[in-house]
Amino acid sequence: MVTVSLKTSIAKLEFGERGRERMEATYLVVMMTLLAGVVISCPPSDRGALLAFKSALTDPYLGIFNTWTGSDCCTGWYGISCDPTEGRVNDIILRGESEHTLFAVAGRTGFMSGSLSPSLCSLDRLTTLIVADWKGISGEIPACITSLPRLRILDLVGNQITGEIPVDIGNLGKLTVLNVADNNITGNIPQSIVSLGNLMHLDLRNNRISGEIPANLGKLSMMSRILLKQNELTGSIPTSITSIYRLADLDLSMNQISGSIPAQLGSMPVLSTLNLDSNQLSGEIPGCLLRSNGLNIMNLSHNALEGYLPDVFSSTTYFSMLDLSFNELKGSIPASLAFARYIGHLDLSNNHLCGEIPVGFPFDHLEASSFSDNDCLCGAPLMRVC
């Protein structure tokens, strides 16, 4: 210790403060050079989990898993990304439809069979899990997937997955995207889903999910898209949904939803697409829906909506598509509809409307099919003279 202190004192006397700083800078450069040569590779536990995941799947055409060789799963393994500092697996991104060279050489989209191994649940640094559009992957979503604390994206669209959405899905507090569309999922929407406070995109389309939509789904205040089309959902539209300020796209079509349409949907500031067609909705169409300045696409067809069409259109009305066909609407076509700023597609067919079809825009560019099968509509473009 005396020798070290003596050498330090001599160094300070000889070189002064500036010399000491140069020594420290040199030491720092040497250490950085040494560290740069250290290669951080995935730990054996992550590699083992991926190999178990691989063993539960069969890829007969593309040979994606042929790249999963060697001891370092962070380098050269197709679809795998790791944290550069820890060397832990962060992302699994395997899409059956891609522009990657593997797909171009094969000249086809992907196909995989097999199931999702629970070994995924040991990848506790996983933030993204995308196993999408493989068409033949079946089995259930591993229940233990809800134990992944950092998972932000869960995308399993376009497979043959069965079973239910894990009941504890609400444990994934950082989840922003939940997409299990185009599968064979059954059961109810778990009540715990309303605990996903960061969820922005919910896509459960084209499954066999039944039961009612959770009444307090409106707690998901970050949501921008709720897509529940073509399931077996029943009950009414929760009015809590209308409190989701950021919601831009709501698709509840092709279910068995009943009751009336919440009038508050017409006051949502960001909502631009509303698809409620092919349900069992009844009651009148709220005037604020047709008066809304934000709604651009609205499909209420194939329901049991009744009453008169609200005469609430104005110069700010802008619909690229407005479909009210196959309902029980009566009365005349509102004269104010002729003052709309723009209506690209309008379908009022298969109702009980009567009276003369207004002239001018938008009626002058619509075909007869937009007004067919009503009780007593007349005028152009129909062949019935008033």
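Observations
- Of all DSSP beta bridges in the chain, antiparallel share, percent nearest 5: 10
- Between 0 and 90°, nearest 10: helix 2-36 axis offset from the chain longest Cα axis: 40
- Of the residues 67, 43, 112, the one whose Cα sits farthest toward the positive end of the charge dipole of the chain, with +1 on the Cβ of Lys and Arg and -1 on the Cβ of Asp and Glu, is 43.
- Cleavage-rule hits (trypsin sites (Lys or Arg not before Pro)) in region 183-251: DSSP loop, at most 16 neighbouring Cβ within 10 angstrom: 208, 246
- Spatial separation of Cα centroids for region 133-181 and region 70-110, in angstrom: 19
- Acute angle (nearest 10 degrees) that the helix 44-55 long axis makes with the longest principal axis of the chain, alpha-carbon atoms: 40
- Residue with peak Gaussian network fluctuation, the chain [Cα springs, cutoff 10 Å], from 157, 89, 312: 312
- Using a 4.7 Å Cβ-Cβ cutoff, the cysteines of the chain lacking any partner cysteine are 288.
- Centre separation in Å (Cα based) which lies between region 250-308 and region 353-376: 21
- Normalised by the number of residues in the chain, the average gap of Cα pairs under 8 Å and 6 or more apart makes the relative contact order 6 percent.
Bear in mind these aren't lab numbers, they're just calculated from the coordinates by the rules spelled out. The shown structure was predicted, so the numbers you read here are calculated from the model rather than taken from an experiment. All Cβ positions, glycine included, derive from the backbone under ideal geometry; neighbour counts span all protein chains shown.
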